[in-house]
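Report on the structure given below.
The values are calculated or read from the model by the stated rules, or taken from the named source; none is laboratory data. Here the structure is a predicted model, which means the values were calculated and not measured. Here the Cβ is made from the backbone with ideal geometry for all residues, glycine too, and neighbour counts use every protein chain on show.
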Amino acid sequence: MVVSPNVTFYGCCRDAVEFYSRVFSVESKTVLLFRDVHGHFSNWINPQNEDLVYSAALRFRGGTTVTFRDSIAMIYQDNGSGGKNKDNVTFDVSDLTLEEIQHIYAAFMGDGAMSNIALGPRPDHQLYASLIDRFGICWNLTGSGD
């Protein structure tokens, strides 16, 4: 299991990354848009979402790297039609087995989490779920089903 923290935005990630790049001492910056992720999203993503940020990384002076992205829940739920940030901090939990992802999902839901995306297959993952726990933190769970 790999747990990775991310800062998420509701459609304004590129502006935030540009601002942070100007304000802080940044050693490197990479930005990958949804339109750049060939194969994963090309068959189902709404064209208005193609310029949203799939993943951006800033490496700050001193070695800290932070990942930023536009909320994947926004992409799945409302096709980028707008709204407010719902989940500024996200933890991606990947490489989960079928048992692990089912256990974690059930535990969160049993504790009052709100499901963004119900557990199930997605175009780019065998199993995927996104939820916001009762503390307001978003968790994206990815599993292979093995």
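Points worth noting:
- Exclusive hit being at pLDDT 85 or above and assigned to a helix (DSSP H, G or I), set Arg69, Arg22: Arg22
- Reported count of residues in segment 72-109, each being surrounded by 15 or more Cβ atoms within 10 Å (Cβ to Cβ), modelled with pLDDT under 80 and assigned to a helix (DSSP H, G or I), is 6.
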